[in-house]
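Working notes, structure below.
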Amino acid sequence: MGTEFVQLSLMPMLIGVLAAVACALPGNFLLLRRQALIGDAISHVVLPGIVVGFLVTGSITAWPMMIGAAFAAVLSVVLIEAIKRLGRIEAGAAMGVVFTSMFAGGVVLLEQSDTSSVHLDVEHALYGNMESLIWLAADGWGSLIDWAALREMPSQAPRLAVVLVLVAAFVFTFWKELKISTFDEGYALSLGIPALALGFALVVVTAIAAVAAFDAVGSIIVIAMFICPPAAARLMTDDLWVQVAWSVGFAVLSAVLGYLLAGYGPLLAGFDHAVSAAGGIATVSGLILAAACLVGPKRKRVGVVREG
Amino acid sequence: MIQAGVRALRRGAGLLWLARARSQPSTGAGALDACPLAISGLSVSYGEKPAIFSVDVEFPSGSLIAIVGPNGAGKSTLLKAALGIIPKLSGRVEVFGKSIDDARGNVAYVPQRASVDWDFPARVIDVVMMGLYRTMALFALFGSAERQRAMACLERVGMADFADRQIGQLSGGQQQRVFLARALAQDADLYLLDEPLAGVDAATERAIMDVLKGLREEGRTVVCVHHDLATVRDYFDQIVFVNVRKIASGPVEDVFTDENLQKTYGGRLAATHIDKLRVAAE
Amino acid sequence: MSQFVEALLLQSGYNAALVTIGAALLGLVAGGAGTFIFLRKRALVSDAAAHATLPGVCLAFMAMVAFGGDGRSLTGLIVGATLSAGLGLYLVEWIARSTRLPEDAAIGAVLSVFFGFGIVLLTFIQTMTAGRQAGLEGFLLGSTAGMLFGEAVTIAVAGCAAALALFVMIRPMTLVSFDPEFAATTGIDVRLTDLAMMALALVVTVVGLKIVGLVLIVALLIIPPATARFWTERVDHLVLIAGAAGGCAGYVGAALSAAIAQMPTGPIIVLTSFALFALSLLFAPSRGVAASLYRHRSFEIRVHRRQGLLAMARGEAIYDHFTLRVLRRAGLMRADGVATAKGLEAADKALRDEARWEIARQTHDEEAAVGRYDGLTPIEDVFTVDEIAMIDRRLRERTGGAH
């Protein structure tokens, strides 16, 4: 049991947790800035970025694809802003125009180019393939301290760990700046905080998290990770620190529980095959959010309290 | 879009601000010799209509100044452009003889209350401590020293009992006092307030004016966008009439005249205002 | 190429022709219905509804299999899709209404969670009935390749019905999108009309699942109205142009996909639609980017020119480099900074107009006229020649009196 778990389940679970936390951290600020759907847009445009990255370099290594995807994410944000301002089109519609078109472009490119040698197809782009992230070199828990085995672990794990460190470093380094500029952008500017640059940096960090997580869980489930844990956390507390802590907790819980339910739930129920782990994670994060909506202590918008 | 990008780049330039924003020494008495806020040839537009056009005005030191004019006349725009929050089309702004970016440590801004989402997860004390931002190092978090300073500011506006209240639970007047306390925490020599008395109860109005007059007694300069002509004479020393252009400026007793009201508000509109003022005076 | 022309002329097979016609009708209805969604700023709500169809499709399939059917009946799947999309829409509204979460978060949460749960069900179906794979994946991005004749007919018929419904409801919907309060006073039930709009969008969504797929269907609702917005300011024209743009994209896109191997229908329709949008964004006469940039630049020049002239007239020094350049270019100032004769004349006129405005603002009551004292509007645009003559008389009296 131990060996099999470490070989087959440990890595997908670890990667799920890393991805969920890396997305939830910037997700808190996106939520409060009314930009939750930027995560939606970015995760869609990761696909064309990856395809172009592959076509340009002809290489299936991860980094060119990640760079391509990050570039596409930044491009999409610039395009959305441009359409919003130059075309004077409402934000939601501008977003809808950009991410659907770029995603469509990605699909067409993918279908028209020879990517059969690569594990890159539209279904994976949509909902990932966590189950393939196995660690065959491991032969038990001991492998976690065995350098030779560690070198063979799926490359997504160390990559996501690096990304998580980066995201966390950004959020905690600029905590005060993010907090002030999210609450009151005009005031932040008057204090000399470069709020616009900071907002752009937040989007770039979001893009990096989305790109890294995309590899494992696909583009649409990334959206659940950006939105559901922070949204549920917002309904638990009125303190930003506590909210971020809850969101991390919910992200970890979604990843672990979602993976276990998808992997072992059907087997326990008497079926032969597991179901999509990424889908399971999104579903659990949704259930957590539903619970928070129904019983979260701070679920209601507070009105003005009249002083007696 | 492109403008915004350039602006973002300019502001972000090498994250230099990080080095510069800290440890700005308070400018001290010497700097106060320079005019707190001098604006010349300032034009700003949203789209293709000027919001303000070619405004020249100097705000004298140690006084309480009202900016008045009809709705949409560019009063808030004037403050925001002076602070460099929105881009200007042309013109110059000098704060204590320096560019605004070099004088930020000495300017406190109170935006309109309605410009923020009060459902933000923060307590009253958290908002007031934001005013201490420039005194803090990059990684530093707000601690007990900051809390004490913020409490002192809350006491000045009579809100000390509300320090740990969620900001969404405040009434309009209380929100405005919290914003004022946040500006007090900045301990600046120039205060720019956007409609600080709009929609607040009478008690809050008195409390806020007491604080603002106190600031003036300490030799600081206070500029308010103001909408209530009936209280101008009681509250302010100086007045600036704005309606896209600067119409007139100077001491209230010299400049607050029917003629200037007429020029600012147009014939009929001014007539109703003037009538109201007469009634109020009697 | 010839294949593309054949497809355009509906010559590449009966099914392909039906699909092309169906796609054109779908695009037309989507453009029209999408206009109202667009005007009511509900664009991304319909994206949540589209993604929320997936679990419904899967559950409908499983239910039909459980009751002994083959599970692939398009009508049955469409019913399932409608039910779960309706539930998704209700949840978005419920979250935004009864919790403190904003609507955008509700949209994103419903969209991704329903989709995630749909994927769980989809992977379950794939393993459960490996032999009878229903091709449900085709609903993700649309697939018309192996479409059955019956399905093509269903789509064409549903497209016709939706077009008819749009035609019937176009008037109340236009009124409500334009001015809901006024619409209410004419006896239109605003809430009901809003519901009808969402219902029509929902119909477009579920009918379009097979052709465009649930990931991209929302593009058909959003892009054509956004395209049309560049060409007109009138709601009724907006509906027509959006419908035309959508229909055109559907038709050309479906034909392209029939003609080129390995070309998925949905994405190519979306890209065709985007091409129309991009052209409009760049080149539309008044709202397009090229026109806006030109106007903004000339506005900047007007502001600087005017400010420069006033400074010149008052004998003030000019420091702004852009102002100096504008004045020199216009021949109002020599390279060495001295005003030309033409410049002096223009400066005089600027100063005189300022004085005229000052009189006008005291004597004229109309707020509309006085409100145009923005430094740029020429006084001749606001007042008649006679009025200006009168202003000038007063001006002379005043300066005369001062002497």
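Nothing charged except the Cβ atoms of Lys and Arg (+1) and of Asp and Glu (-1): what's the magnitude of the dipole of segment C:290-402 about its Cα centre? Round to the nearest 20 debye.
On the way: 20 positive and 19 negative charges, 123 e Å.
Taking the Cα centre of segment C:290-402 as origin, the dipole is about 600 debye.
Assuming R0 = 22 Å, can you tell me the calculated FRET efficiency for the pair C:ALA291 and C:HIS321, based on Cβ-Cβ distance, to the nearest 0.05?
Numbers: r = 27 Å, r/R0 = 1.23.
For C:ALA291 and C:HIS321, the calculated efficiency is 0.25.
Which order do peptides C:13-23, C:152-162, C:385-395 fall in by mean Cβ count within 10 Å, highest first? Mind dumping the intermediate values first?
Numbers: C:13-23: 22.1, C:152-162: 19.6, C:385-395: 13.7.
Ranking, from highest mean packing down: C:13-23, C:152-162, C:385-395.
If you place +1 on the Cβ of every Lys and Arg and -1 on the Cβ of every Asp and Glu, how big does the dipole about the Cα centre of the protein assembly as shown come out, in debye to the nearest 20?
Using Cβ point charges on Lys, Arg, Asp and Glu, the protein assembly as shown gives about 1200 debye.
With the full set of protein chains in place, find how many percent of the accessible area of segment B:113-213 is carbon and sulfur; take the probe as 1.4 Å. Display every interim value, and only then the final one.
Numbers: 1710 of 3460 Å².
Ligands and nucleic acids excluded, carbon and sulfur give 49 percent.
To test your reading of the geometry: what angle, between 0 and 90 degrees and rounded to tens, separates the Cα axis of helix C:235-259 from the longest principal axis of chain C?
In chain C, helix C:235-259 runs at an angle near 50 degrees to the longest axis.
Please compute the volume of the convex hull spanned by the alpha-carbon atoms of chain B and report it per residue in Å³. Walk me through the intermediate numbers first.
Details: hull volume 40.3 nm³, N = 282.
It comes to 143 Å³ per residue, whole-number rounded.
What nm value, rounded to one decimal, do you get for the distance between C:VAL157 and A:ALA168 when each label is placed 7 Å out toward the C-beta?
Each label point lies 7 Å from its Cα, and together they span 5.9 nm.
Within segment A:98-191, report the trypsin sites (Lys or Arg not before Pro) that DSSP leaves as loop and that have at most 10 other Cβ atoms within 10 Å.
On the way: sites: A:ARG151, A:ARG159, A:LYS176, A:LYS179; in loops: A:ARG151.
The qualifying sites are A:ARG151.
For segment B:44-184, report the translational diffusion coefficient in µm²/s to the nearest whole number, using Stokes-Einstein at 25 °C, 0.890 mPa s, and a Kirkwood Rh over Cα pairs. Numbers along the way, then the final one.
Numbers: Rh = 17.2 Å.
Here the translational diffusion coefficient equals 143 µm²/s.
Would you mind getting me the FRET efficiency between A:ILE67 and A:SER113? Use the beta-carbon distance for r and R0 = 22 Å, nearest 0.05.
Numbers: r = 18 Å, r/R0 = 0.83.
For R0 = 22 Å, the calculated efficiency reads 0.75.
Just the number, please: buried accessible area between B and C, total of both chains, 1.4 angstrom probe, nearest 100 square angstrom.
Details: alone 14020 and 20950 Å², together 32720 Å².
Counting both chains, the buried surface is close to 2200 Å².
Looking at C:TYR294, A:ALA210, C:ILE388, which one has the Cα that reaches farthest to the positive end of the dipole of the protein assembly as shown (charges on Cβ: Lys, Arg +1; Asp, Glu -1)?
Among C:TYR294, A:ALA210, C:ILE388, the one farthest towards the positive end of the dipole of the protein assembly as shown is C:ILE388.
Bin all alpha-carbon pair distances of segment C:290-402 at 10 Å intervals from 0 and give each bin's fraction as a whole percent.
The calculated distribution, bin by bin, is 13, 38, 32, 16, 1, 0.
Got a number for carbon plus sulfur as a percent of chain C's accessible area, 1.4 Å probe?
Details: 11110 of 17400 Å².
Carbon and sulfur atoms account for 64 percent of the accessible area of chain C.
How large, in percent, is the carbon and sulfur part of the accessible surface of segment A:2-295 at a probe radius of 1.4 Å?
So the carbon and sulfur contribution to the accessible surface is 70 percent.
Which distance in nm do the two modelled labels at B:ASP117 and A:SER155 give, with both placed 7 Å along the Cα-to-Cβ direction?
Reported label-point gap for B:ASP117 and A:SER155 is 3.9 nm.
Indicate the residues belonging to segment A:196-237 that lose 10 Å² or more of solvent-accessible heavy-atom surface (probe 1.4 Å) upon moving from the chain alone to the assembly of all protein chains, ignoring ligands and nucleic acids.
Going by heavy-atom accessible area, the residues of segment A:196-237 that drop by at least 10 Å² are A:LEU196, A:ALA197, A:ILE220, A:ILE221, A:ILE223, A:ALA224, A:ILE227, A:CYS228, A:ALA231, A:ARG234, A:LEU235.
Just grab the label-to-label distance for B:LEU138 and C:ASP236, each label 7 Å out from Cα along the Cβ direction, in nm (one decimal).
The answer from the label model is 6.3 nm.
Just C:TRP231, C:TRP94, C:TRP357 to compare: in a GNM of chain C, with alpha carbon springs under 10 Å, which one fluctuates most?
Between C:TRP231, C:TRP94, C:TRP357, it is C:TRP357 that shows the largest mean-square fluctuation.
Are there DSSP H segments in chain A that both extend 15 Å or more along their axis (alpha-carbon positions) and score a mean Kyte-Doolittle hydropathy of at least 0.5? List them, or say none. Spell out each step's value before the answer.
On the way: long enough: A:11-32 (32 Å, 2.02); A:36-57 (32 Å, 1.88); A:62-86 (35 Å, 1.57); A:91-112 (31 Å, 1.40); A:156-173 (25 Å, 1.94); A:195-217 (32 Å, 2.35); A:219-234 (24 Å, 1.76); A:240-268 (40 Å, 1.55); A:277-295 (27 Å, 2.07).
Membrane-span-like by this rule: A:11-32, A:36-57, A:62-86, A:91-112, A:156-173, A:195-217, A:219-234, A:240-268, A:277-295.
Note the direction-averaged projected area, equal to a quarter of the hull surface, for the Cα convex hull of segment A:197-297, in nm². Walk me through the numbers before you get to the answer.
Working: hull surface 29.2 nm².
That works out to 7.3 nm², a quarter of the Cα hull's surface.
Shielding of A:264-273 by partners, i.e. mean partner chain Cβ atoms within 10 Å per residue?
Details: counts 0, 1, 5, 0, 0, 0, 0, 3, 2, 6.
Mean shielding count: 2.
Among A:LEU30, A:GLY128, A:ALA70, pick out the residue whose Cα is farthest towards the positive end of the charge dipole of segment A:23-136, where Lys and Arg carry +1 and Asp and Glu carry -1 on C-beta, about the Cα centre.
Farthest towards the positive pole: A:LEU30.
Starting at the first residue of segment C:287-301, write each ³J(HN,Hα) from the Karplus equation 6.51 cos²θ - 1.76 cosθ + 1.60 with θ = phi - 60°, in whole Hz, x for Gly and Pro.
Those phi angles translate into 9, x, 5, 4, 5, 5, 4, 4, 5, 5, 5, 5, 5, 4, 4 Hz.
Whole Å is fine, so just give me how far the alpha carbon centre of segment A:249-290 lies from that of segment B:133-209.
The two parts, judged by their Cα centres, are 47 Å apart.
I want the local charge near C:PHE115. Using Cβ-Cβ distances under 14 Å, sum +1 for each Lys or Arg and -1 for each Asp or Glu among the other residues. Before the final figure, lay out the partial values.
Numbers: positive: none; negative: A:ASP40, A:GLU123, C:ASP47, C:GLU137.
Net of charged neighbours comes to -4.
How big is the Rg/Rh ratio for chain A, C-alpha atoms only, Rh by Kirkwood, two decimals? Provide the component values of the computation, followed by the final result.
On the way: Rg = 20.1 Å, Rh = 20.3 Å.
Dividing the radius of gyration by the Kirkwood radius yields 0.99.
Excluding ligands and nucleic acids, what accessible area in Å² is computed for C:HIS304 using a 1.4 Å probe, to the nearest 10?
The accessible area comes out at roughly 10 Å².
Based on the Kirkwood radius over alpha-carbon pairs, what is the Stokes-Einstein translational diffusion coefficient of segment C:2-282 at 20 °C with 1.002 mPa s viscosity, in µm²/s?
Working: Rh = 19.0 Å.
Approximately 113 µm²/s, per Stokes-Einstein.
Given the options C:PHE67, A:LEU257, C:ALA346, identify the residue whose Cα lies farthest towards the positive end of the charge dipole of the protein assembly as shown (+1 on Cβ of Lys, Arg; -1 on Cβ of Asp, Glu).
Value computed over the given set: C:ALA346.
Tell me the volume per residue, in Å³, of the convex hull enclosing the alpha carbons of the protein assembly as shown. List each step's numbers first, then the result.
Numbers: hull volume 216.3 nm³, N = 993.
Value for the protein assembly as shown: 218 Å³ per residue.
Pop the C-beta distance of B:GLU253 and B:ARG92 into the FRET formula with R0 = 30 Å and round what comes out to the nearest 0.05.
Numbers: r = 29 Å, r/R0 = 0.98.
Efficiency at R0 = 30 Å is approximately 0.55.
The values are calculated or read from the model by the stated rules, or taken from the named source; none is laboratory data. Note that the coordinates shown come from a computational prediction; the quantities given were computed from them, not determined experimentally. In this analysis, Cβ positions are derived from the backbone assuming ideal geometry, glycine residues included, and neighbour counts consider all displayed protein chains. Surface accessibility is based on the protein's heavy atoms, side chains included, excluding ligands, DNA and RNA. Shrake-Rupley method; radii C 1.70, N 1.55, O 1.52, S 1.80 Å.
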